[in-house]
Amino acid sequence: MTQTITQEQVLEALSRVKDPELHRSLTELNMVRKVEVRNNDVEITLAITVPNCPFVNQIEAEVREEVGALPGVSNVTLHIGAMTEEERKRLEGKQEEGTAAKYNQIQHVVAVMSGKGGVGKSLVTGLLATALAKEGHRIGILDADITGPSIPMLFGLQGPVEMGPVGIRPFQSKTGIKVISMNFLLPSEDQPVIWRGPLIGRAITQLWGDVMWGDLDYLFVDLPPGTSDAALTTMQSLPVQGIVIVTTPQSLATMIVRKAVHMAQTVGVPIIGVVENMSYFVCPDTGNRHFIFGPSHVNDVTSAASTTLLAQLPIDPEVAFLCDNGGIEDINLPAILKMSEAFSTVVTVLAKK
């Protein structure tokens, strides 16, 4: 005897399908507009949050899988439209400021910091993110250098951003890294952001809470130089699990970077490790190493931070060329693999504490 399908059974099946961005069921979000059951045929009408939703195929596949698995269902017909602007505003109106954060599942938040400018924080952020993404990890980068953002250029990304149902959709690099930066929100990338410290701190918390990061294994926060509002806001307002300190060989840089180390210790955020950038130059003719900025003082930083040296990165004209042309994901240095392996080991240990 053929089993009769009920509308209630179909709605129950649809309640098991979740919007990939909001992590809430279709029924909870009022996306299910109509369900008709005729004998063993089921006809469903859905209204997704925005037209041209990038996840529409995934939603459709999951609906067909869940409803099609009900005993007795022989055919599922699906009609997919979009919510009206008023409905979307009503949905967003139910959310408080920073609501996107409620739907984000981020395992590790790591800040990349240095007391000094020009040492390569953004480079290290991009290299670490790329190395981990190539290993299969889900990665995001929050460019917290509000007044001097460089992450977009390193990855060859340009704004403007698009709004999702409850927040900003981050850009995605060619290796799948999700990226957000103040530059994406400006009318032109060379427009200056002339803000005082409190506004910069507020902007960082909004980029954290208003962006639809989704599920990430690591979110890297690329901090601006110094130990003022931006760094303090990040450490106190975001669930930062650890910090990567970036320095260069000079004694002057080491002295300034140690200020960042002491700040992290004062605030109580663990230091994962230290990366020394521009450590040496390998002559292409002889293969000899030349220490252009003098002998390394990185041991002074690791000693002050009671941590390990993750890597010493060389000066490489090819690296500079790729970064200038948005090709940081094409950089391949042996030191990067060593850095990402050491980083992952330390983060795993921190996660267990």
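Odds and ends about this structure:
- No other residue among Glu276, Glu318 is of a type outside the set (A, V, I, L, M) and either within 16 Å of Leu132 (Cβ to Cβ) or over 24 Å from the mean Cα position of the chain (by Cα) (or both) apart from Glu318.
- Residue match in the range 332-351 (condition: over 18 Å from Val124 (Cβ atoms) and acidic (Asp, Glu)): no
- Residue list for the range 158-170, restricted to those being surrounded by fewer than 22 Cβ atoms within 10 Å (Cβ to Cβ) and either within 19 Å of Thr130 (Cβ to Cβ) or free of Cβ contacts under 8 Å to residues at least 40 places away in the same chain (or both): Gln158, Gly159, Pro160, Val161, Glu162, Met163
- Put simply, of Val269, Val221, Val240 the only residue that is part of a loop (DSSP other than H, G, I, E, B), under 18 Å from the mean Cα position of the chain (by Cα) and either modelled with pLDDT of 90 or more or assigned by TED's automatic domain parsing to the domain that holds His108 (or both) is Val240.
- Taking the range 55-91 as the range and being of a type in the set (Asp, Glu) and either at pLDDT below 85 or over 23 Å from Gly214 (Cβ atoms) (or both) as the test, the residues that pass are Glu85, Glu86, Glu87.
- Considering the range 193-213, and only residues there that are modelled with pLDDT of 85 or more and not in a helix (DSSP H, G or I), the residue that is nearest to Ser181 (Cα to Cα) turns out to be Val211.
Per-residue answers, yes or no, for (1) in contact (Cβ under 8 Å) with a residue 24 or more places away in the chain; (2) surrounded by fewer than 13 Cβ atoms within 10 Å (Cβ to Cβ); (3) closer than 20 Å to Arg169 by Cβ:
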position	(1), (2), (3)
Gln7	yes, yes, no
Ala13	yes, no, no
Arg24	yes, no, yes
Val35	yes, no, no
Pro51	yes, yes, yes
Val56	yes, no, yes
Arg64	no, no, no
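- Selection count, the range 171-191, where residues are touching a residue at least 12 places away in the same chain (Cβ under 8 Å) and within 15 Å of the chain's Cα centre (by Cα): 12
One line per residue, one yes/no per condition, for (1) within 26 Å of Leu22 (Cβ to Cβ); (2) of a type in the set (Gly, Ala, Ser):
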{"residue": "Leu123", "(1), (2)": "no, no"}
{"residue": "Ala131", "(1), (2)": "no, yes"}
{"residue": "Thr147", "(1), (2)": "no, no"}
{"residue": "Pro160", "(1), (2)": "yes, no"}
{"residue": "Gly167", "(1), (2)": "yes, yes"}
{"residue": "Asn183", "(1), (2)": "no, no"}
{"residue": "Glu189", "(1), (2)": "no, no"}
{"residue": "Pro192", "(1), (2)": "no, no"}
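- Selection of the range 179-217 for residues being hydroxyl-bearing (Ser, Thr, Tyr) and loosely packed, with under 14 Cβ neighbours inside 10 Å yields only Ser188.
- Tyr218 satisfies every condition listed in (1) within 27 Å of Ile331 (Cα to Cα); (2) without any contact (Cβ under 8 Å) to a residue 60 or more places away in the chain; (3) in contact with a strand residue (DSSP E or B) (Cβ under 7 Å, 6 or more places away or on another chain) except (2).
- Qualifying positions in the range 11-32 - more than 30 Å from Val211 (Cβ to Cβ) and modelled with pLDDT of 90 or more: Ala13
- Residue in the range 223-245 that is over 25 Å from Lys116 (Cβ atoms), in contact (Cβ under 8 Å) with a residue 60 or more places away in the chain and either buried (at least 21 other Cβ atoms within 10 Å of the Cβ) or among the charged types (D, E, K, R) (or both) present: no
- Yes/no for Gly117 being more than 22 Å from Gly209 (Cβ to Cβ) and over 16 Å from the mean Cα position of the chain (by Cα): yes
- Note on the range 272-284: residues that are touching a strand residue (DSSP E or B) at 6+ places or on another chain (Cβ under 9 Å) and either without any contact (Cβ under 8 Å) to a residue 60 or more places away in the chain or in a loop (DSSP other than H, G, I, E, B) (or both) amount to 9.
- Screening the candidates Gly326, Gly287 for the property of being assigned to a loop (DSSP other than H, G, I, E, B), more than 23 Å from the chain's Cα centre (by Cα) and not aliphatic (A, V, I, L, M) yields one hit, Gly287.
- Contact map, the range 113-136: residues that are among the aliphatic types (A, V, I, L, M) paired with residues that are in a loop (DSSP other than H, G, I, E, B), Cβ distance under 6 Å, separation 6+ or inter-chain. Pairs shown: Met113/Leu223; Val119/Thr248; Val119/Asn277; Ala129/Ile177; Ala133/Thr175; Ala133/Gly176; Ala133/Ile177.
The values are calculated or read from the model by the stated rules, or taken from the named source; none is laboratory data. The shown structure was predicted, so the numbers you read here are calculated from the model rather than taken from an experiment. Methodologically, a virtual Cβ is constructed for each residue, glycine included, from the backbone with ideal geometry; neighbour enumeration extends over all protein chains shown.
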